[in-house]
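One structure is given below, encoded as C-alpha cells.
A short reminder: the numbers here are calculations on the coordinates, not readings from a lab. Quantities reported herein were computed from a predicted structural model and do not represent experimental measurements. Positions of Cβ are backbone-derived with ideal geometry, glycine not excepted, and every protein chain shown enters the neighbour counts.
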C-alpha cells in the first residue's frame, strides 16, 4: 500500500504535508477519532481524503452545501480520485446510479448532505457496507453547524450522533474553521467525540489584511476600496436582501460586474449567480450571509462588509473566504453607530431564552471591542480563539495606529444628556442637544432648556457619533428595545460619570477622498509580481484553462490554481517528469494535460 506522503504527491501534486496534516492522517489511518480546527485554506479536506483513499472501503463525507460537494467532487475527479455526491439536485436515476457504485465498491469518497444521510434508505446502504467492512471513515465537515448558538446552526447536524451509535468502530473526523471554546465543547458533546483527539492549528491568516473604517458615505467608501481590486473576484456582505439588490445594481452602474445572492431570490437565479461567481473571473458577489459557507474558490481577493456581522466567529468565517490560495487578500468593513444599536435591539427583542441572549450579548461585545480597538486587530482576533500573537504589521491599526484622547469629559456630557432626557432617546437627538441645535423635536420636549444644551459644541456630529459608538461598544450605554433604541446608562457608567475613573477614546479618523493612505500605498495586489517576460505566458495559460473549464463545465481553479500557472510560467518545465514537480500537478493531471502544457511552454 502506498504511504500517505506518496499519495499526496502522486494524486494531488504536493511534495509535503502542512502543519498537523500528516499527524491527523496517521491518527485516522490508525482508526482514531479527531476534531480538527484549521483555518479556511489550511488544507482540511486532505486530512480525510487521503485516509479515505488508503483505508479499506469508502469515506463518507457529510457536507451541508450542494455547491461545496459539486466543487470538491469535480476537483477530485480531475485528480483521478473515484468520488461522487448524493444530494437533492440529482434526479432519481442519477442518485440510483451513485448508490449502485457505492454498493459495488467503485468509490473512494461519497459526499452526502446530512438530511440525505439520515434517511432510512441511505442508512441501509451504509449498513450493507459496514457488514462487509467497507466503511473507511466518516468526515463531518463544517462541524460548527451543530452549535445551536452558532451562526450556521443546522438541526440535522445534532442527529449525526447516530453515526457513532450505529457504527462505533468506524473512525470519525469533525472539521471546522470557526469555533470558540463554547462551540468546541458543544461539537464534542453533541457528536459524541469525548474520546476524540483535538487538533488545533493556528487561526492566523497572515495573507489577509484587516481594515475597519468609520461609516461616512458607505457607497463612496466601497467604491474607493474596490478601485484597488479592479478585475478581482470578491464578496460584499450586506445585512438585508433589499440592500443586497440595491448595492449590486449600483455597482453594475459603476462598471463593476456584480451579482446579488440572498434567500429571497428565485432558486434558479441564485444557483446561476453562484455558478458564475465560481466559474468566471472578476465577479463581485453582493450577498447576505446565505452565501459563502463551503465556497471553495481560492482566488477571492477581498471580502467587504457594509454592515456589522453577528459575532467575531461569523466575521472570521466570512472573511476567511478571501485568499484561500495564500496570496494577499483584504477584509474591509464599514462600521457605524447604527450597527451597534440595531444588533443590541435584535438580541433583546428576539424570542431566545435568557441564557442564549447572554451568550449573544457576549459575542457582540467581543466584536464591538474588536472594531474599536487601538491595538493590533489580528492579535485581538486570535486571542478570541485562545491564541496569543504579537502585532502583525498587516492591519489598519498596525499600519496607521489610531490616536487616543482623554474622552472622560465628553463621555460625561454624553451620559448626562441621556440621563436628563429620561434615557428614552437615541444618539441623534442627544447629539442635537449637545451641539445646541434647536430642532423641532428638541423644542417639542423642552430639551433646549437643559444644562447640557450646547455643552458639546467642541465636537461635530461625526465626532459625537464616534463618542456614542465607543460608549456603546464599551458597555457604558446600551440601547433599550422597550424605548425604541433609547440609550440607557449601565452600572459600568457610574465611575466615569462620577469622575472616579478616566476614559481613553479613539480619535475620529477623517479620511480625505483621493488621498492615498499608507494602507492603500502598501496594498499587496494579487500575488508575487511576474517578470515582464513571463506575463504573456501566464495570461495565455489562463486563457487555455478558461477554455478547458468551459468545455468541461467546471470552475477554472478545479483544473489548475493560479499558483500552478504562475510556477509553470516562471519555471517552464520541459518534460513530463519536470511537470510532476510543479505544485498542484499530480499524475492524473500530468497524463491529461501534460502534452498540451508542454507544447505551450516549449
**Q.** FRET efficiency estimate (nearest 0.05) - Cβ-Cβ, residue 200 to residue 502, R0 30 angstrom
**A.** 0.20
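For a distance above 29 Å, tell me the whole-number percent of Cα pairs in region 4-200 that qualify. Before the final figure, lay out the partial values.
On the way: 3086 of 19306 pairs.
It works out to 16 percent of all Cα pairs.
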Q: Measure nothing fancy, just the Cα-based angle from helix 120-131's long axis to the longest principal axis of the chain, in degrees from 0 to 90, nearest 10.
A: 50
Q | Square roots of 5 times each gyration tensor eigenvalue, C-alpha, region 404-508, largest first, Å | A | 20, 16, 12
**Q.** Rounded to 10°, Cα long-axis angle of helix 408-420 versus longest principal axis of the chain
**A.** 70
**Q.** Over the chain: helical MRE at 222 nm, DSSP H runs n ≥ 4 each giving -39500 (n - 2.57), nearest 500
**A.** -13000 deg cm²/dmol
Q. Over the Cα atoms of region 377-457, what is the Rg over Rh ratio if Rh follows Kirkwood?
A. 1.25
Q.
Starting from 0.36 nm per residue, how many nanometres of slack lie between residue 156 and residue 482 once their C-alpha separation is accounted for?
A. 113.8 nm
(Q) Rounded to whole Å, give me the distance from the Cα center of region 203-267 to that of region 342-374. (A) 24
**Q.** Normalised contact order of region 535-601, rounded percent, pairs of Cα under 8 Å and 6 or more residues apart
**A.** 30
Q. How much length, in nm to one decimal, is gained on full extension between residue 445 and residue 405, taken as 0.36 nm per residue of separation minus their Cα-Cα distance?
A. 11.1 nm
Q: Starting from the Cα of residue 389, step 7 Å toward the Cβ, then list every residue of region 292-314 with an amide N under 20 Å from that point.
A: 299-305, 309-314
**Q.** Label-point separation, residue 23 to residue 169 (7 Å along Cα→Cβ), nm
**A.** 2.9
(Q) Please rank 214, 349, fewest neighbouring Cβ atoms within 10 Å first, as an exposure proxy. (A) 349, 214
Q.
Under the 0.36 nm per residue contour assumption, what length would be gained going from the current alpha-carbon distance of residue 97 and residue 575 to full extension?
A. 168.2 nm
Q: For the chain, find the longest principal axis of its Cα atoms and tell me its angle to the long axis of helix 92-103, 0 to 90°, nearest 10.
A: 60
Q | residue 543 paired with residue 592, simple spin-label distance in nm, labels 7 Å along Cα-to-beta-carbon | A | 2.3
Q: List the relative contact order of the chain as a percent without decimals, with contacts defined as Cα pairs under 8 Å and 6+ residues apart.
A: 14
